[in-house]
Amino acid sequence: MDGDWLGVLVALGGGLLIGLERERRKGSGPAREAAGMRSFTLAAMGGALAQVLQQPLLVAAGALMVLVLVGVAYWHSRRRDGDPGLTTELALFITYLVGVLSVQQPAWGAGAAVIVAGLLFSRERLHHFATRAMSDAELHDALLLAALALVVLPLLPAQPMAWLGGLAPRTLALLIVLILGLQGAGHVALCLFGPRAGLALSGLFSGFVSSTATVASLGSRSRADPSLRPACEAGAMFSTASTWIQAMLLLSALSPVLMARLLPAAAAGVAVAAAGGWLVLRRQVSPSQAAATAPASATRGPLRVREALLVAALLTAVTAGVGWARGEFGDAGVLVGVAVSALADAHASIAAVGAMHASQELATPVALLAVLLGVGTNSLTRSVTAFVAGGAHYGAALSLSMLASTGAAAAVALLAA
């Protein structure tokens, strides 16, 4: 029991913190809330002391007593106000549990107290976010992503399946969740940073789905409105950075060893692409131009499930194709297969290489070369797309950026070899 004093102090601090927030909202006079700083502090201390005595029945009796007091307080408030809510009463009972937890796990108890106090303090912000800031479509997509990540993903088999090109269903689903999560992060970034950086940010996060499609879309917009060309060029350059970032994220799920070996080269590619995009973006300073980059209508959610499923299907097909090429032609077949498939999509090719490296079907030097070859080949596709969609100036800017980014990554990879 010598070490229990820390838990008691944590319970005291947690109770004071939660009670301080409730005291500010308690009010005064006959209409005041039933519990304030002293009540919450005593509830936390009661839970801590009951746990220190190591009597489970005493802990349960204390919880029952707090529940009775909570019920009485709610009944009294309901008679007075009609519909007072349950926030303070629930918080009082949770504070008692925080006191018990603080003795068992002081760090967890302290964290729980801060979270409870933060939730109580953020009442207006949370209410505004839930009823006004978040649309029905955004809520739908958030629930869909949570269901995929927390319900579907853990239930899928973790063993590789031959009909999936040697990939495990859980790994494939993890990649889908990853892509959808990146799409959601891009939407949040657009909302947080406002419309001024909308095109650049949309380019960055759209690149996680398809950098080629992003280059084409921004090129068409640049051709239609030349005043937006700097922002469009910056967004397309940022999509090159997102190609490298997603390559690392995919490999971290499929082959962490290969990801670690490729990380310095990828960091160089990201740095060069991001620096070029930032330099170009600084030319986009007109407020009237910024207004044209407002986020899309809230009637459509941020997630593009069809695109994520298409990437997963393409990944499965590429993995099977590259595996067949290796069986027929060895490592040379792998390199040719990756180069050809990367003309359409670099992410699927990189993921296929990662899966083969993880299953020890591909040596690390060959895998590194295949990844660099895949990114380089896909850069050719994006360069041609940039010229066709955005014209000579847009295409030249993008081609130079991708050449510099891929060249920097290849140089770092050669130096590290």
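With a Förster radius of 41 Å applied to the C-beta separation of LEU20 and ALA147, the computed FRET efficiency comes to 0.65. Each Lys and Arg adds +1 at its Cβ and each Asp and Glu adds -1 at its Cβ; summed about the Cα centre, region 4-130 shows a dipole of about 340 debye. Taking label points 7 Å from Cα along the Cα-to-Cβ direction, GLN55 and LEU6 give a separation of 2.6 nm.
Between PHE129 and ARG306, the distance separating the two model label sites (each 7 Å from Cα on the Cα→Cβ line) works out to 3.1 nm. Each peptide in 387-395, 96-104 gets a packing score, the mean of other Cβ atoms within 10 Å over its residues, and the list from highest to lowest is 96-104, 387-395. Between LEU119 and ALA411, the modelled label-to-label distance comes to 5.3 nm, taking each label 7 Å out from Cα in the direction of the beta carbon. Residue ranges 272-278, 86-92 sort as 272-278, 86-92 when ordered by packing (mean number of other C-beta atoms within 10 Å per residue, highest first).
Spherically averaged projected area of the convex hull of Cα atoms, region 4-130: 7.7 nm².
Estimated at 0.36 nm per residue, the fully extended path between LEU64 and THR364 surpasses their Cα-Cα distance by 101.9 nm.
Coordinate-derived values only; no laboratory data. This is a predicted model, so every value here is computed, not measured. Positions of Cβ are generated from backbone atoms using ideal geometry, with glycine treated the same way; all protein chains shown enter the neighbour counts.
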